[in-house]
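Trainee: My structure is below; once you've seen it, I'll send some questions.
The values are calculated or read from the model by the stated rules, or taken from the named source; none is laboratory data. What you are looking at is a predicted structure, and each value in this text was computed from that prediction instead of being measured. Remember, those area values only see protein heavy atoms, side chains included, never the ligands or the DNA or RNA. Shrake-Rupley method; radii C 1.70, N 1.55, O 1.52, S 1.80 Å.
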Amino acid sequence: MFDRSFQRKVWTMLCLAGLALSGSACSAQNERPTATTAATEAGADPFAGDWGFSTRCSKGHYVGITFKREGDLYMGSWTDGSDLSGSDGKFEGHVRGKKLEYDACSEVAQNGGYEVCPKFTRKVGYFEREGEHLVWYQQYSKVIDRYLTLSRQPRFQAAPLDPAETCAGE
């Protein structure tokens, strides 16, 4: 079996090649479905739909998240990677107050990461709306910290890079 580092490099190269060829968001195993109702696509649902983040600073960082809602359950998929490595998996969660609390799993075993799908690691973070954006909070050790801020994105397209982006120290 290949080590995790090699697997992540291969996955990332495949994702980047696919992204370059298709203009699509990068996910080795998950299609990025969107919510099925017109109200959700219009933004009436605060969490359902496609969300993304991207930067070319450091080694790049590209994130794609999709949530769909069925009753009070949100289900979705995630991709999170850089120019060097990446991973993907699934979410399940419920809204509690203004937060979408989630459980997560990973498509590939990761040292210290989420359980391998279909088994979920429970209560590992939450999402919260901040204006037009979705803020992702993740658990590190026993603390939940702000991870990054995502924006809505068109279906099957990578999150746009900010043309005014400046990278400190680069």
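Trainee: Leaving out ligands, DNA and RNA but keeping every protein chain, what accessible area does residue 84 have, in Å² rounded to the nearest 10, with a 1.4 Å probe?
Mentor: Approximately 90 Å² for this residue.
Trainee: Before I look further, what does region 56-169 give for accessible area per residue, probe 1.4 Å, in whole square angstrom?
Mentor: Per-residue value: 57 Å².
Trainee: Related question: Report residue 167's accessible area, 1.4 Å probe, all protein chains in place, as a number in Å² to the nearest 10.
Mentor: Around 40 Å² of this residue is reachable by solvent.
Trainee: A follow-up question, please. Mind grabbing the base-10 log of I(q)/I(0) for region 72-170 at q = 0.21 Å⁻¹? Debye formula, identical points on the C-alpha positions, no solvent, two decimal places.
Mentor: -1.30
Trainee: Can you work out the Karplus-derived ³J(HN,Hα) for every residue in region 95-105? Use 6.51 cos²θ - 1.76 cosθ + 1.60 with θ = phi - 60°, whole Hz, and x for glycine or proline.
Mentor: Each residue of region 95-105 in turn: 7, 10, x, 9, 10, 9, 7, 9, 10, 9, 9 Hz.
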